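Working notes, structure below.
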Amino acid sequence: MAGLNNTKATPPRWLLAELSYKCPLQCPYCSNPLDYAKHNSEISTADWKRVLSQARKMGAVQLGFSGGEPLTRQDLPELVCHARQLGYYSNLITSGYGLSEDKIIQLKEAGLDHIQLSIQASSQELNDYIAATESYENKKIVARLIKKHGYPMVLCVVIHRKNIHQMEQILGMAEELGADYVELANTQYYGWAHKNRDLLMPTKEQYEKAEAIAQAYKEKVADKMKIYYVIPDFHEDRPKPCMNGWGTTFLTIAPDGVALPCHSARELPALDCPNVNDFSIEQIWNESKAFNFFRGDDWMKEPCRSCDEKDKDFGGCHCQAYLLTGDMRNADPVCSKSPDHHVIEAAITSAQVSALSADEKPLLFRNSKNSRKYIENNELQ
């Protein structure tokens, strides 16, 4: 393997439990794999309880229930209860679709600590278009119910070309709903977002204007609402550190039990990602090829190997390197030191050309029909 078989690796601290790839929304920037229809099996309640117990024993303290839409799992309250008994701080990451007041009360009684609600835009028309589901009014009701039942109210809005012009209205909506925290997450181009990149990527000028609005609003509401602005790395000259260091902090378990060092790692070749049905969490974390591959710096090629910033960004995002250069060991092309940085510049230009086109192609929405079509097309190649 490229990295170190580091049995002294620091233990996982953050466990992301992707309970299901099923989702009533069809967002065109979804981080689920394009071929998710091929991974339609889901591990059992007992399996999830075993995973939670083993990860907690290793030291994991933060737990996110995610998907798809985690509310599609009928055993969610049971899993929340088990997590509370183990001592996790648990977070439900949800579209809110189907989250009734009775369900909120049930989850509260089970011990859920935190709910993060996604919303797609500040207007009903645009929200429902992006989600490809009539969900806007339901989301606003759910937001108020979350607040009513004593949860910190956290709104997450993924920012892209289709909604970036609404930045001020989005923040106004968040304030009106009584949000305690707002995450303005500029689109990260993996999965479905990578497929739709030309249609989703704003211009640098749009980013700068939106960030200025967010920073001004942050000062305005500093005493009552926290605003987190996730920068768009395509317009930066240094990459983000992959998962704060590959195999150092984050552990993702996919719906079918596959263990991933990051939620997009399925796309990387020859990692042999292990399954919790075959190995314990301790074996997966300490001994598997997938989790050891990018630990240390043995895997690094130039310019990363001799870079004085390699302990800061760890070579950047490996999934991004693979998607854009075909080699996951290359330096993340976002980095201006990368010999492949021209790929980023070309992507920005391509998106700008798309934005000016009179006959711009339609978005590819995340749904089972499109996922199966993707599988068929790739099997024919």
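The values are calculated or read from the model by the stated rules, or taken from the named source; none is laboratory data. In this text, all values refer to a predicted model and were calculated from it rather than measured experimentally. Note that each Cβ is placed from the backbone with ideal geometry, even for glycine, and that neighbours are counted across all protein chains shown. Calculation scope for accessible area: heavy atoms of the full protein, side chains included, ligands and nucleic acids excluded. Shrake-Rupley method; radii C 1.70, N 1.55, O 1.52, S 1.80 Å.
Would you mind giving the average projected area, over all directions, of the Cα convex hull of the stretch 84-231 in nm² with one decimal?
So the Cα hull casts an average projection of 9.5 nm².
Can you tell me the alpha carbon radius of gyration of the stretch 234-316 divided by the globular rule-of-thumb value 2.2 N^0.38 Å?
1.16
Of ASN32, THR349, ALA9, which is farthest on the positive side of the dipole of the chain, counting Cα position, with +1 on Lys and Arg Cβ, -1 on Asp and Glu Cβ, and the Cα centre as origin?
ALA9
What ratio of Cα Rg to 2.2 N^0.38 Å holds for the stretch 86-135?
1.38
Throw me the Rg/Rh for the stretch 294-381, computed over C-alpha atoms with Kirkwood Rh, two decimals.
1.10
If you split all Cα-Cα distances of the stretch 149-198 into 10 Å bins from zero, what percentages do you get per bin, shortest first?
In order of increasing distance, the bins hold 24, 44, 24, 7, 0 percent.
Could you size up the charge dipole of the chain around its Cα centre, putting +1 on the beta carbon of Lys and Arg and -1 on that of Asp and Glu, and report it in debye to the nearest 20?
Rounded to the nearest 20 debye, it is 600 debye.
Checking the table LYS103/LYS139; LYS209/LYS337; LYS204/LYS310; LYS57/LYS240 against a 21 Å threshold on Cα-Cα, which pairs fail?
LYS209/LYS337; LYS204/LYS310; LYS57/LYS240, as the Cα separations exceed 21 Å there.
How do 97-109, 252-264 rank on mean C-beta neighbours within 10 Å, highest first?
252-264, 97-109
Using only protein heavy atoms and a 1.4 Å probe, report how much of GLU219 is accessible, in Å² to the nearest 10.
Its accessible surface works out to 150 Å², give or take rounding.
List the extent of the Cα atoms of the stretch 116-181 along each of their three principal axes, largest first, rounded to whole Å.
33, 23, 16 Å, listed from the longest principal axis down.
What value does the stretch 165-230 have for Rg/Rh, both radii from Cα atoms and Rh as Kirkwood defines it?
Rg divided by Rh gives 1.02.
What is the sum of charges, Lys and Arg at +1 and Asp and Glu at -1, for the other residues whose Cβ falls under 13 Å from the Cβ of SER135?
With Lys, Arg at +1 and Asp, Glu at -1, the neighbours total -3.
Checking the cross-link filter: which lysines have an alpha carbon closer than 17 Å to that of LYS108, excluding same-chain neighbours under 8 positions apart?
In chain and number order, the partners are LYS147, LYS148.
Principal axes first, then extents: for the Cα atoms of the stretch 150-278, list largest minus smallest coordinate on each axis, whole Å, largest first.
The principal-axis extents, from largest down, are 51, 39, 24 Å.
Given the Cα atoms of the stretch 1-113, and with Rh set as the inverse mean 1/r over their pairs in the Kirkwood sense, what is Rg to Rh to two decimals?
1.00
Work out the P(r) tail for the stretch 198-257: percent of alpha carbon pairs separated by more than 13 Å, whole number.
74
Just need the relative contact order of the chain here, percent rounded to a whole number, with Cα pairs under 8 Å and 6+ apart.
Normalised by residue count, the contact order of the chain is 23 percent.
For the chain, what percent of Cα pairs sit more than 27 Å apart?
Counting pairs separated by more than 27 Å, the tail of P(r) holds 51 percent.
So what is the relative contact order for the stretch 38-142, in percent, with contacts set as C-alpha pairs under 8 Å and at least six apart?
Averaging sequence separation for qualifying contacts and normalising by length gives 23 percent for the stretch 38-142.
Assuming 1.567 mPa s and 4 °C, estimate D for the stretch 193-341 with Stokes-Einstein, Rh taken as the Kirkwood radius over Cα pairs, in µm²/s.
Here the translational diffusion coefficient equals 75 µm²/s.
Farthest toward the dipole's positive end in the stretch 190-265, which of GLY191, TYR217, PHE234, given Cβ charges of +1 (Lys, Arg) and -1 (Asp, Glu) about the Cα centre?
TYR217
Taking R0 as 51 Å, what's the FRET efficiency between LEU356 and GLU101 from their Cβ-Cβ distance, rounded to 0.05?
0.65
To the nearest 10 square angstrom, how much accessible area does VAL353 have with a 1.4 angstrom probe?
90
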